[in-house]
Amino acid sequence: MLSKFEPLYSSLQSHLTSLKDLLTSTEDEITKLLSAATSDEIITLSASISKGVDDIQSIMYDYREITSSIKDGIEEMDDDAQKTAEQMEYDSKMESNDGGTGLSLNPVRLSSTVSKLESRFARCLDTASMRISAIERILKSNPSPPPAQPSVPTQSTHDGDTSPALSNESTIVIQSLLERINTLESNSTVHKPNLSLPPIRLECFDGSNITNWPAYKYQLDELILNNPSLNEVEKAFHVRSSLKGTALALVSSIPTHKDFLDKIIKRLELEYSRSKKITLYVMPFIMEVILM
């Protein structure tokens, strides 16, 4: 028996097709952010991605409106048998994926997919911006021109062809970075600090089980954060080295400058800390395990 809402289901599939195309193209644009070479390129890509996300949200709004219309229509049916059949049809579709796009027909799951896309955009934009900013700082601190590169032409020989200029720019960036690295390595050889610290063994934390957080935070406090023999940089190094998985991803976008350690700890606490009541209840058991 054909559903009386078949035209609306067909409309949902049409929206999924449009949504799939936009998700794919926007994902590709986000990936390009990670290889952007200039601030202008980041700005251009960000504008394009933002438009794509806005278009995706518009489709999602229409999609939710259609599913709401179907649900309301089923609810208003007088024939109990037909109402039950239509409800089963609707539930079945909401638990399935569209054959053409592979996307879930459930609007809640679709919203989750879109949210992940937006989160990836934010992470990649942050990473790309920090990378370009770091490159620009290095170039400003090392203004001397790099050695000439005979094999790379400095001007385009074809109208409209910008690839030689881009190659030359990339060569300049790479050369400057190499010179900066060599300088830093040379300085570290001459003025090598005494970092011969006793090894510190930390149990890693990946964020997959929040009940492990109190024990992990306790060992951080005892072995790292309250350790007077470590400076801020060394403490931050030990903390990040002990993180894995989603916990590491959570703090990976924090810039490595002033208050770096403090920001890492605050972000982890915001994500994983339980209420004081739960912590006070759990900690005695954790302490017992640690001291065994």
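Please work out which one of (1) in contact with a Gly (Cβ under 6 Å, 6 or more places away or on another chain); (2) not in a helix (DSSP H, G or I) is the condition Ser253 fails and give its number.
Among (1) in contact with a Gly (Cβ under 6 Å, 6 or more places away or on another chain); (2) not in a helix (DSSP H, G or I), the lone unmet condition for Ser253 is (1).
If you take the residues of segment 1-32 that are in contact (Cβ under 8 Å) with a residue 24 or more places away in the chain and in a loop (DSSP other than H, G, I, E, B), which of them is surrounded by the fewest Cβ atoms within 10 Å (Cβ to Cβ)?
Met1
For Glu41, state whether it is in a helix (DSSP H, G or I), touching a residue at least 40 places away in the same chain (Cβ under 8 Å), acidic (Asp, Glu) and surrounded by 14 or more Cβ atoms within 10 Å (Cβ to Cβ).
It is false that Glu41 is in a helix (DSSP H, G or I), touching a residue at least 40 places away in the same chain (Cβ under 8 Å), acidic (Asp, Glu) and surrounded by 14 or more Cβ atoms within 10 Å (Cβ to Cβ).
Just name the residue that is nearest to the chain's Cα centre (by Cα) out of those in segment 44-61 that are surrounded by 19 or more Cβ atoms within 10 Å (Cβ to Cβ) and of a type in the set (Gly, Ala, Ser).
Ser46
Has segment 241-249 got any residue that is under 16 Å from Glu222 (Cβ atoms), of a type in the set (S, T, N, Q) and at pLDDT 80 or above?
Within segment 241-249 (the criterion being under 16 Å from Glu222 (Cβ atoms), of a type in the set (S, T, N, Q) and at pLDDT 80 or above), the answer is yes, since at least one residue qualifies.
The values are calculated or read from the model by the stated rules, or taken from the named source; none is laboratory data. Quick caveat, the model's predicted, so the values are computed rather than measured. Glycine gets a Cβ as well: all are built from the backbone with ideal geometry, and neighbour counts include every protein chain shown.
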